[in-house]
Amino acid sequence: MKNKYLLAGISMLSISLLAGCSGSDTSSDQSTSQPQNTSSSISQSTSATDTSDTASQENGKRTVSVEDAIKAFQDTYPGADITSLELDTSFGKYFYKVEGVDDSKEYEIRVDGETKKIEKEREESLDDDEKNGEKRKDKLALTDLLSIEKAASIAEKEVGSGQATDWDLDQELGTTYWEVTVEDNGTETNVKMDARTGEILEKEVDD
């Protein structure tokens, strides 16, 4: 009888030990799997952030209008007349270069086409034959101007294909005009148009 009780006790002890080991293993497995889930969550979050940043960079286009660039110059140099304006692209970034004069000096500023940040590029005295209003005769007519988008559309249609890359606003013989550069497979065509009416004044293909 004693042997039977002893064997029964040993069997119960073995079952208890096995159950304990099994519970410990399950806990260990759960503990190990939790960091994996956390890592997956972090990875998904990082991926979403990267995608958002990429989209932001791809959409980083010109947000500053011609009117904004003109006002930036006029606020910086009150009383000066604008004689030329350019919208250029450099390394995929838009920027305006605006030049102007008063009776004694010539000025130039650079305006970031995305952030509207202003940098003074140049400020120098006019030559004697340009002072006292002589240089002011080159001032641009700044009312009722065609927008950048409209000027680009007209130039691209005139060329027949390609994409507008640069815009110059200038004046000649009393006419303020847009000169738009259209690039198509390495060939550049410059299209001049009346800056108010869009009438084509000249078209020239760069060799």
Q. Looking at THR176, is it of a type in the set (S, T, N, Q) and over 21 Å from GLN74 (Cβ atoms)?
A. no
Q.
Taking the conditions exactly as written (over 25 Å from GLY79 (Cβ atoms) and either modelled with pLDDT under 95 or open to solvent by less than 70 Å² (accessible area, probe 1.4 Å) (or both)), does ASP194 satisfy them or not?
A. yes
**Q.** Per-region count, the stretch 119-146, residues farther than 18 Å from GLY79 by Cα and hydrophobic (A, V, I, L, M, F, W, C)
**A.** 2
Q: Output the residues belonging to the stretch 111-131 that are among the charged types (D, E, K, R) and touching a residue at least 24 places away in the same chain (Cβ under 8 Å).
A: ASP112, GLU114, LYS116, LYS120, GLU121, GLU130, LYS131
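Just give me the residues in the stretch 139-155 being closer than 25 Å to SER90 by Cβ and open to solvent by 60 Å² or more (accessible area, probe 1.4 Å), in sequence order.
Selection gives GLU149, LYS150, SER153.
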Q: Looking only at the stretch 107-119, decide whether some residue is under 20 Å from ASP206 (Cα atoms) and over 21 Å from the mean Cα position of the chain (by Cα).
A: no
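Rundown of residues vs (1) among the hydroxyl-bearing types (Ser, Thr, Tyr); (2) touching a residue at least 60 places away in the same chain (Cβ under 8 Å), yes/no style:
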| residue | (1), (2) |
| --- | --- |
| GLY133 | no, no |
| LYS139 | no, no |
| LEU145 | no, yes |
| ALA151 | no, no |
| THR187 | yes, no |
| ASN190 | no, no |
(Q) Tell me whether the stretch 111-126 contains one or more residues that are more than 19 Å from LYS192 (Cα to Cα), touching a helix residue (DSSP H, G or I) at 6+ places or on another chain (Cβ under 9 Å) and surrounded by 18 or more Cβ atoms within 10 Å (Cβ to Cβ). (A) yes
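The values are calculated or read from the model by the stated rules, or taken from the named source; none is laboratory data. Bear in mind the structure is a predicted one, so any value in this text is a computation, not a measurement. Reconstructed Cβ throughout: ideal geometry from the backbone, glycine too, with neighbour counts over all protein chains shown. Side chains are part of the model used for accessible areas, which takes the heavy atoms of the whole protein and leaves out ligands, DNA and RNA. Shrake-Rupley method; radii C 1.70, N 1.55, O 1.52, S 1.80 Å.
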